[in-house]
Amino acid sequence: MKERVIFGFDPFVIPFTLGMVFIILYLFVGTVRIIASLDNKEKKRLLRHIFSFNIFNTLWNVIRDVLLHVKIFRKNFLLGYMHASIAFGWFMLILIGHIEVFLYTPQRNGVLYYPVFFRYFVLQTNETLRGAFFFFLMDFFLLMTLSGVALAIFKRFRSRRLGMKRTTRHSIGDRIALFSLWLIFPLRLMAESFTAGISGGSFLTKSLYNLLSVIPGYASMIDAVWWSYSLALSAFFFSLPFSRYMHIPTEILYIILKNAGIKSTVSRDGYAESEIYSCSSCGLCIDACPMCSASNKERFTSVYFVRALRNRSNFAEEYARECLMCGKCMEACPVGIDSIKLRELKKEESMSYGKYDNDYLSNAKYSNTPLDAPELIYYAGCMTHLTPGIYKSIINILEKASVNYTFLDKDGSICCGRPLIISGGREKAKKLIERNREIIEGTGAKVLLLSCPICYRIFKEEYALSGIKITHHSEYIAKLADENRIRLKKGDFSVTYHDPCDLGRGCKVYEEPRKLLAKSANLNFYKESGPMSHCCGGSLASDRFSFEERGKVAKNALLSIEAGKADVVATSCPLCLKTLSVWHDKRVADISQIVNEQMI
Ligand code: SF4
Ligand code: SF4
C-alpha cells in the first residue's frame with residue numbers, strides 16, 4: 001500500500017480533529033476534577049488498586065460491561081446485541097485502524113485522524129493476503145456496528161418489540177448525539193465504498209462500490225461523503241458531554257473507582273459524579289420499578305432521579321423521597337448504579353430531617369444491669385413488635401431447640417437506626433448505632449438473631465460488630481433444622497414464598513427460606529422469584545404514595561408469586577406480612593410461624 005496524498009492531509013479532517021481534541025480535553029479535565037475531589041484516603045486506595053493485580057479484574061469488568069454489555073445480554077438478548085455491536089464494533093474499527101497505521105504508515109503514528117480516515121489516504125497497490133485480511137476485518141466490524149445502529153433506530157420507534165414497555169425522554173443534547181451516532185456508520189460505509197475502487201475494500205465496501213460507481217458523476221461525490229462523515233463524528237464529539245452518551249467514557253472511570261472500593265459520600269461530585277454520568281438512560285429501571293407501574297408516575301424512577309442530580313435540579317430531593325427503596329431498579333441496572341445510596345445522601349444533604357426531634361436514643365430503655373453472656377441475642381425490632389406472632393414463634397423455636405438466648409428489645413423500645421438513615425438523619429443514627437453496638441458486644445454473645453430483614457441489613461452494613469455473627473431467622477432456623485435441633489413434619493398444604501426486598505436483594509438470602517418451607521409444606525415455584533422479585537409496597541421509605549397505590553404494588557406482588565395457586569403465602573419479613581395480609585384473602589404467614597406449627 002502507499003499513501004495517496006503526500007502530506008497525509010485534506011481539509012475534510014478538520015471537523016473531526018476539532019471534535020476529537022475537544023472531547024479529549026473535556027474528558028481529561030473531567031477525570032482530573034473527579035480524582036482531585038476524592039479525599040486523601042480514597043486517592044491512596046485508588047493508587048493501590050491501580051498498582052495491584054486486581055486491576056486485571058477491573059479491566060475485564062470494563063471489557064465485559066462497557067464493550068460487551070454482558071449484563072444487558074443476560075436480561076434481553078436483542079438489547080444486549082444492540083449495545084454490544086455498536087460499542088464493540090466501533091472499538092474494533094478504531095483498534096484495527098491504529099494497527100493498519102502502525103503497519104503500513106508508521107510515519108503517521110499519533111496523527112489523530114489517520115486511523116479513522118485511513119482508507120482515504122492510503123491506496124492499495126497490490127492485493128496481499130494481509131491487506132485482504134484487514135479489508136475483511138474492517139468490513140466485518142462495520143457491518144456489525146451497522147446492524148446495531150439499525151436495531152437502535154428500530155428500538156426508537158418500536159421499543160416494545162425489543163421488550164421495553166417504557167423508554168426515556170431525550171434532551172436536545174441527546175438528540176444531536178443520537179442522530180450523529182446514527183449517521184456516523186452509514187456515512188463511513190458510503191465514504192469507504194465510494195473510494196473502494198481506489199483504496200480497496202472487501203465484501204461490503206467493494207460490493208457497494210460496484211453499485212455506486214455506475215452512478216453518473218459519482219467521483220464528484222467522494223469528497224462530499226468524506227466531509228459528511230467527518231462532520232457527523234465532530235457533531236457527536238461536541239454534543240457528547242451534554243448527552244446521555246457521556247456514559248460511554250465515564251463508565252470506565254466509574255468501574256475503576258468502584259472496584260477500588262471508593263463509595264459515595266455526597267450525592268454530587270467525586271465518585272458520585274462518575275456514577276451519575278455513567279447512567280446510559282437505558283430506561284431498564286423504569287420497567288423494573290413496581291411503584292412506577294402501580295402509580296403510573298415515572299418521574300421518581302432512578303433514571304430521572306439521576307438525571308435531576310446531574311442537572312442539579314431542585315426536583316432531585318423530591319424524587320429522592322418518592323421511592324420505596326426496594327432496590328429492584330438497581331438489580332435491573334446494567335451499570336450497577338446505587339441509586340438508593342444516592343437518594344439517602346440527597347435526603348441527608350437537604351437536612352429536612354432537622355425538623356423532627358426524635359433521635360430514637362432518648363426513648364430506648366437499655367437494661368441497667370449487664371446482660372448475660374448467652375449463646376444468642378435476639379433483636380426483634382419495631383416491625384416484629386407490631387406482628388407479635390413472629391417473635392412468639394421465634395421464641396418458641398429457640399426454646400424447643402434449647403438455645404440459650406437473651407431477648408434484647410423485649411419492651412420494643414430500641415431502634416436499629418434505619419428510620420433515621422432513610423430520612424436523612426445519619427449523624428443521629430451514628431450515635432444510636434454506637435450505643436446499641438456497645439450493649440450488644442457487652443453481652444459476649446456469639447450470634448445476633450434478627451427477625452426483620454430491614455434491621456438485618458442495617459446491622460450488617462452499619463454496625464461492624466466484632467466477634468458476633470449476624471443472622472436472619474430464616475437462616476438460623478434452617479441451621480437448627482439441619483443440625484436436627486428442631487424436627488419438622490411436612491404439612492399437607494401448598495405454600496408460595498415472597499422474597500422480602502431487604503432480605504433478598506439487600507442481603508442475598510434466597511435459599512434458606514425455601515429450604516425451610518420445602519421441609520414444612522409443598523413449596524410452589526414461580527417465574528419472578530429471587531433478585532427480580534416484586535416489592536410488597538409496604539416500605540416506610542416514602543410517605544408520598546397513597547394507600548391505593550401501595551395496594552396496587554401489593555396486588556402485583558401477589559400476582560407475580562402466583563399467590564392464588566397456593567394455600568398459604570409465606571414471607572420472612574414482618575412488614576411484608578402486614579402489607580400482603582391486607583390485600584390477600586387467603587392466609588399470609590411468616591416462615592417462623594409455619595415452622596413453629598410444623599415442629600414435632
Ligand atoms: S439507572 Fe441504570 S437502568 Fe436506569 S437508566 Fe440509568 S443505567 Fe439504565
Ligand atoms: S428502589 Fe424500588 S420504588 Fe424506588 S425507584 Fe427503584 S424500583 Fe422504584
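The values are calculated or read from the model by the stated rules, or taken from the named source; none is laboratory data. Here the structure is a predicted model, which is why all the values come from computation and not from measurement. For neighbour counting, all protein chains shown are included, and Cβ atoms are generated from backbone atoms with ideal geometry for every residue, glycine included. Note: accessible area is taken over every heavy atom of the protein model, side chains too, but ligands, DNA and RNA are not part of it. Shrake-Rupley method; radii C 1.70, N 1.55, O 1.52, S 1.80 Å.
If you check residue 254 against the conditions, is it among the aromatic types (Phe, Trp, Tyr) and open to solvent by less than 10 Å² (accessible area, probe 1.4 Å)? Write out each step before concluding.
Details: among the aromatic types (Phe, Trp, Tyr): yes; open to solvent by less than 10 Å² (accessible area, probe 1.4 Å): yes.
Yes; evaluated as a whole, the condition is true for this residue.
Applying the set (1) away from ligand 1 (no atom under 15 Å from the Cβ); (2) in a helix (DSSP H, G or I); (3) among the hydrophobic types (A, V, I, L, M, F, W, C) to residue 262 leaves exactly one unmet item: (2). Working carefully through the options 281, 239, find the one that is within 16 Å of ligand 2 (Cβ to nearest atom) and hydroxyl-bearing (Ser, Thr, Tyr). None of the other options fit; the residue is 281.
Taking region 433-506 and the strands (runs of 3 or more DSSP E) fully enclosed by it, the elements with 2 or more residues that are open to solvent by 10 Å² or more (accessible area, probe 1.4 Å) are at 469-472. Evaluation of residue 192 against the conditions (1) within 16 Å of ligand 2 (Cβ to nearest atom); (2) in a helix (DSSP H, G or I); (3) of a type outside the set (A, V, I, L, M) shows that the sole unmet condition is (1). Look at region 257-277: where a residue is of a type in the set (Asp, Glu) and a partner is open to solvent by 40 Å² or more (accessible area, probe 1.4 Å), sitting 6+ places away or on another chain with Cβ atoms under 9 Å, you get 269/33; 269/37; 273/33; 273/37; 275/258; 275/338; 275/341. Of the residues that make up region 514-528, is at least one within 16 Å of residue 499 (Cβ to Cβ), modelled with pLDDT under 95, open to solvent by less than 40 Å² (accessible area, probe 1.4 Å) and not assigned by TED's automatic domain parsing to the domain that holds residue 394? Yes: one or more hits.
Only one of the listed residues (344, 348, 322, 318) is among the charged types (D, E, K, R) and away from ligand 2 (no atom under 14 Å from the Cβ). That residue is 348.
Taking first residues from region 328-346 that are in the same structural domain as residue 530 (by TED's automatic domain parsing) and over 15 Å from residue 505 (Cα atoms) and partners that are at pLDDT 95 or above and within 11 Å of ligand 2 (Cβ to nearest atom), no Cβ contact under 7 Å between residues at least 6 apart in sequence or on separate chains turns up.
Screening residue 305 on (1) open to solvent by 30 Å² or more (accessible area, probe 1.4 Å); (2) within 16 Å of ligand 2 (Cβ to nearest atom) shows it passes everything except condition (1). Screening region 389-432 for residues that are in a loop (DSSP other than H, G, I, E, B) and surrounded by fewer than 18 Cβ atoms within 10 Å (Cβ to Cβ) and picking the one that is farthest from the chain's Cα centre (by Cα) gives 402. If you go through region 111-160 and keep only what is surrounded by 19 or more Cβ atoms within 10 Å (Cβ to Cβ) and in a loop (DSSP other than H, G, I, E, B), you end up with 113, 114, 115, 116, 117, 124.
Take the conditions (1) at pLDDT below 95; (2) over 29 Å from residue 74 (Cα atoms); residue 577 misses just one of them, which is (1).
Here the condition is being within 16 Å of ligand 2 (Cβ to nearest atom), open to solvent by 30 Å² or more (accessible area, probe 1.4 Å) and under 24 Å from the mean Cα position of the chain (by Cα); of 297, 263, it holds for 297 alone. Output yes when any residue across region 150-161 is modelled with pLDDT of 95 or more, more than 37 Å from the chain's Cα centre (by Cα) and not charged (D, E, K, R), and no when none is. Scanning region 150-161, I find no residue that is modelled with pLDDT of 95 or more, more than 37 Å from the chain's Cα centre (by Cα) and not charged (D, E, K, R), so the answer is no.
Looking across region 306-341, the residues that are assigned to a loop (DSSP other than H, G, I, E, B) and touching a Phe, Trp or Tyr at 6+ places or on another chain (Cβ under 7 Å) come down to 322, 323.
Remark: residue 49 matches the filter, which requires a residue to be surrounded by 17 or more Cβ atoms within 10 Å (Cβ to Cβ) and either touching a strand residue (DSSP E or B) at 6+ places or on another chain (Cβ under 9 Å) or part of a helix (DSSP H, G or I) (or both).
Between 320, 235, the distinction of being among the small types (Gly, Ala, Ser), touching a residue at least 12 places away in the same chain (Cβ under 8 Å) and outside the structural domain of residue 87 (by TED's automatic domain parsing) belongs to 320 only. Name the single residue, out of those in region 266-294 being part of a loop (DSSP other than H, G, I, E, B), within 14 Å of ligand 1 (Cβ to nearest atom) and open to solvent by 10 Å² or more (accessible area, probe 1.4 Å), that is modelled with the lowest pLDDT. The selected residue is 282.
Annotation note: Cβ proximity below 8 Å between a residue of region 400-414 that is closer than 14 Å to residue 436 by Cβ and a residue that is in a loop (DSSP other than H, G, I, E, B) and basic (Lys, Arg) (sequence gap 6+ or interchain) occurs for 413/365; 414/365.
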